[in-house]
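Structure first, commentary second.
The values are calculated or read from the model by the stated rules, or taken from the named source; none is laboratory data. Quick caveat, the model's predicted, so the values are computed rather than measured. Methodologically, a virtual Cβ is constructed for each residue, glycine included, from the backbone with ideal geometry; neighbour enumeration extends over all protein chains shown. For accessibility, only protein heavy atoms count, side chains too; no ligands or nucleic acids. Shrake-Rupley method; radii C 1.70, N 1.55, O 1.52, S 1.80 Å.
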Amino acid sequence: LMARYLLTGAAGFIGSKVAEQLLAAGHEVVAVDNLNSSYDVRLKEWRLSRLRGHEGFEFHQADIRDRAAIAPLFQNGPTAGVINLAARAGVRSSLKDPWAYAETNIEGALTLLDFCRDHGVPKFVQASTSSIYGGHNPRPFHETADMGRPLSPYAATKAAAELLCHSYHHLYDLDVTVLRYFTVYGPAGRPDMSIFRFIQWVAEGRPVRIYGNGKQERDFTFVEDIARGTVAALRPLGFEIINLGSDRPLALLQVLERIESLLDRKAHLEFGPGFPTDVEATWADISKAGSMLGWEPQIDLDQGLAACVEWYLAEREWASQIDTTD
């Protein structure tokens, strides 16, 4: 059955893939993104260019905190659900401007939740993050773990959004699914994430900066899998928090080795001190995603990295110019 969804952060890395999958399934996507310059807008424009012209795709450049801009999107016909992927993302940059994070990640989510209440929208999907688990929980991380000790303003603001989601579910019976994403990577990924940087730095013969000893482990999850899980979460579930990860953590240096062999080049390593915001390891328990969404990851790291390298080499002329400094 064809439905109309409001998707925020639609020019983002995950958002653009979710839009693609919804359109492929025959749905209408009312897409919102403010195209901010938190990283090079060329990446956002490239992703958008693949969606524009699709029947059923309607794009609005707007900020989710701007109630006057967002209100008309709820008035134009029935919305089967809201998928909130708009966020200030990135752990380390949340130290530089925590206010921007609080405004978008908390106020923005609240604005959307309140419009859902006003207009009787039945479903809300909220993107969250593995960063919420902090450094003190046993691994693999289970959804019932304590989220009260975040290590960065980013993690704290995403935790606050989760709490607001629960209060709106409780008070107004809004069906909410919170998805905690684990280290998402893929073609046209975020340039503040390790995989985009490693590929660019190795391909262009630039020094590869490693914070800490490089042995920190991440549960790398391919963006197509994450988008598939996000679309699956549109079903009615009441209130649920669900991890989407690969359940196969790998150390950064191991990932770098695979990138070196794909590009057939050696990395020039430069080690720097670790960041107090960075956890030692992330690892998702994904049994709940399996039982509630019938979801499991399908793309392994070797396939995923090959797709990233292939994309980079195809778009190298401009992708090599994307700023990957901190």
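Couple of notes before you dig in:
- Any hit, segment 172-189, residues being touching a strand residue (DSSP E or B) at 6+ places or on another chain (Cβ under 6 Å), of a type in the set (Gly, Ala, Ser) and closer than 21 Å to Asp323 by Cβ: yes
- Leu305 vs. criteria open to solvent by 20 Å² or more (accessible area, probe 1.4 Å), closer than 17 Å to Met193 by Cα and of a type in the set (A, V, I, L, M): no
- Any hit, segment 249-264, residues being at pLDDT below 95 and part of a loop (DSSP other than H, G, I, E, B): no
- Failed criterion for Leu112 (all others in (1) in a loop (DSSP other than H, G, I, E, B); (2) modelled with pLDDT of 95 or more hold): (1)
- Options Ala86, Ala19: the member that is surrounded by 16 or more Cβ atoms within 10 Å (Cβ to Cβ) and under 26 Å from Ala156 (Cα atoms): Ala86
- Residue pairs meeting the criteria (Cβ under 8 Å; at least 6 apart or on separate chains; first touching a residue at least 60 places away in the same chain (Cβ under 8 Å), in segment 134-150; second among the small types (Gly, Ala, Ser) and outside any loop (DSSP other than H, G, I, E, B)): Gly134/Ala155; Arg139/Ala281; Pro140/Ala284; Phe141/Ser130; Phe141/Ala284
- Residue identified as open to solvent by 20 Å² or more (accessible area, probe 1.4 Å), touching a strand residue (DSSP E or B) at 6+ places or on another chain (Cβ under 7 Å) and among the charged types (D, E, K, R) among Arg139, Arg149: Arg139
- The residue pairs whose first member lies in segment 60-76 and is of a type in the set (Ser, Thr, Tyr) and open to solvent by less than 30 Å² (accessible area, probe 1.4 Å), whose second member is modelled with pLDDT of 95 or more and part of a helix (DSSP H, G or I), and whose beta carbons are closer than 6 Å, counting only pairs six or more residues apart or on different chains, do not exist in this structure.
- Selection count where residues are open to solvent by 10 Å² or more (accessible area, probe 1.4 Å) and either touching a Lys or Arg at 6+ places or on another chain (Cβ under 6 Å) or under 22 Å from Arg139 (Cα atoms) (or both), scope segment 212-233: 8
- Residue count for segment 20-44 satisfying the condition of being more than 16 Å from the chain's Cα centre (by Cα) and farther than 26 Å from Ala232 by Cα: 4.
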